[in-house]
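*Asks:* First, the structure itself, so that you have it in front of you.
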Amino acid sequence: MFINAVYRKYCCCAFLLVSMLLASCTYSPPRIYTNIENVRAQAGSHIIAVSVTYQLLRDPTGINTFPNGGVPKLLDEKAKIYLCDVDTLEIRRVASISPSSSVKSTWQPWILGWANGSLFFQVMGRSGTRLKDFQNLNTVIYQVDPDGKLSEAKEAPRGITFQHNTGPLPQGIFVRVSRGHNMIDIKTEKHKEWQTMFKIDNAKGELISVKK
């Protein structure tokens, strides 16, 4: 009888300990992380292309934060590409893609420019997190046709064009861009002073216009 009582007490303590450990191995509610990676303007226009990194994460809490703060749980990730009209503030998302297996680690989307009316962008990254994976930086090229069709390209074509964002202000139509991690300021031949025209909606993880 005594042995049974000790055994039951031991089992109860063990159950409580396991329950406490499991309760402490938790994650926070989902949060959205976004970053504007780069912006380029189409030559001779007020059209800009914007690349955004989007991730849906749950941060570790409790014992999961040891030993160095823990690792967030990744629920979703996308490279999002937008075309924006500076005059009308119209925004069109032309791509929302998950990184392929060859660039799934430490990846980054990047606008290249335009050729033959199509927009080209790339996603750079590595295939994994092992030491040998970091020896090679892989690149996947994508093309967005004028009609909005998205496809993977074998390589970036020659003759890609875009407006340069430095140097003396040009004559005629131009766009100058100043970006932060979540907003874009614009200057044109019509708008002599910097104006914040686009920003990230943190609740949705989408690029939106700033209405004036």
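Okay, residues lined up against (1) crowded, with 17+ Cβ neighbours inside 10 Å; (2) small (Gly, Ala, Ser); (3) over 30 Å from residue 44 (Cα atoms):
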{"site": "93", "(1), (2), (3)": "no, no, no"}
{"site": "104", "(1), (2), (3)": "yes, no, yes"}
{"site": "121", "(1), (2), (3)": "yes, no, no"}
{"site": "126", "(1), (2), (3)": "yes, no, yes"}
{"site": "131", "(1), (2), (3)": "no, no, yes"}
{"site": "145", "(1), (2), (3)": "no, no, no"}
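*Asks:* Restricting the search to the stretch 162-212, which residues are of a type in the set (A, V, I, L, M, F, W, C), part of a loop (DSSP other than H, G, I, E, B) and either in contact with a helix residue (DSSP H, G or I) (Cβ under 6 Å, 6 or more places away or on another chain) or closer than 17 Å to residue 86 by Cβ (or both)? Step through it out loud before you land on a result.
*Replies:* Restricting attention to the stretch 162-212, the residues satisfying the condition of being of a type in the set (A, V, I, L, M, F, W, C) are 162, 169, 173-175, 177, 183-184, 186, 194, 197-198, 200, 203, 207-208, 210.
Subset that is part of a loop (DSSP other than H, G, I, E, B): 162, 169, 173-174, 194, 203, 210.
162, 169, 173, 174, 194, 210, listed by residue number.
*Asks:* Taking only the stretch 41-64 into account, find how many residues are under 24 Å from the mean Cα position of the chain (by Cα), at pLDDT below 95 and not in a strand (DSSP E or B).
*Replies:* Residues flagged as under 24 Å from the mean Cα position of the chain (by Cα), at pLDDT below 95 and not in a strand (DSSP E or B) within the stretch 41-64 amount to 1.
*Asks:* From the set of residues in the stretch 65-88 that are surrounded by 15 or more Cβ atoms within 10 Å (Cβ to Cβ) and not in a strand (DSSP E or B), which is modelled with the lowest pLDDT?
*Replies:* Step by step, filter the stretch 65-88, then rank; the result is 70.
*Asks:* Would you say residue 153 is of a type in the set (Gly, Ala, Ser), surrounded by 12 or more Cβ atoms within 10 Å (Cβ to Cβ) and either over 16 Å from residue 45 (Cα atoms) or in contact with a Pro (Cβ under 8 Å, 6 or more places away or on another chain) (or both)? So that I can check it myself, show each step before the final result.
*Replies:* On the way: of a type in the set (Gly, Ala, Ser): yes; surrounded by 12 or more Cβ atoms within 10 Å (Cβ to Cβ): yes; either over 16 Å from residue 45 (Cα atoms) or in contact with a Pro (Cβ under 8 Å, 6 or more places away or on another chain) (or both): yes.
In short, yes.
*Asks:* Six or more apart or on different chains, Cβ under 7 Å: which pairs go from a residue in the stretch 105-118 that's on the phi > 0 side of the Ramachandran plot and free of Cβ contacts under 8 Å to residues at least 40 places away in the same chain to one that's surrounded by fewer than 16 Cβ atoms within 10 Å (Cβ to Cβ) and outside any strand (DSSP E or B)? Could you list them?
*Replies:* 117/146
*Asks:* Now for a different question. I'd like to verify a number: residues in the stretch 147-173 that are free of Cβ contacts under 8 Å to residues at least 60 places away in the same chain and over 25 Å from residue 54 (Cβ atoms), how many?
*Replies:* Taking the stretch 147-173 and keeping what is free of Cβ contacts under 8 Å to residues at least 60 places away in the same chain, we get 147-160, 164, 166-171.
Add one more test, that the residue is over 25 Å from residue 54 (Cβ atoms), and what stays is 154-155, 157-159, 164, 166-171.
Going through the stretch 147-173 one residue at a time, the tally reaches 12.
*Asks:* Confirm whether residue 28 is modelled with pLDDT of 95 or more and of a type in the set (Ser, Thr, Tyr).
*Replies:* Values: modelled with pLDDT of 95 or more: no; of a type in the set (Ser, Thr, Tyr): yes.
No, not satisfied.
The values are calculated or read from the model by the stated rules, or taken from the named source; none is laboratory data. As the structure is a prediction and not an experimental result, all values here were calculated from the model. Don't worry about glycine lacking a Cβ; one is built from the backbone with ideal geometry, like all the others, and counts go over all protein chains shown.
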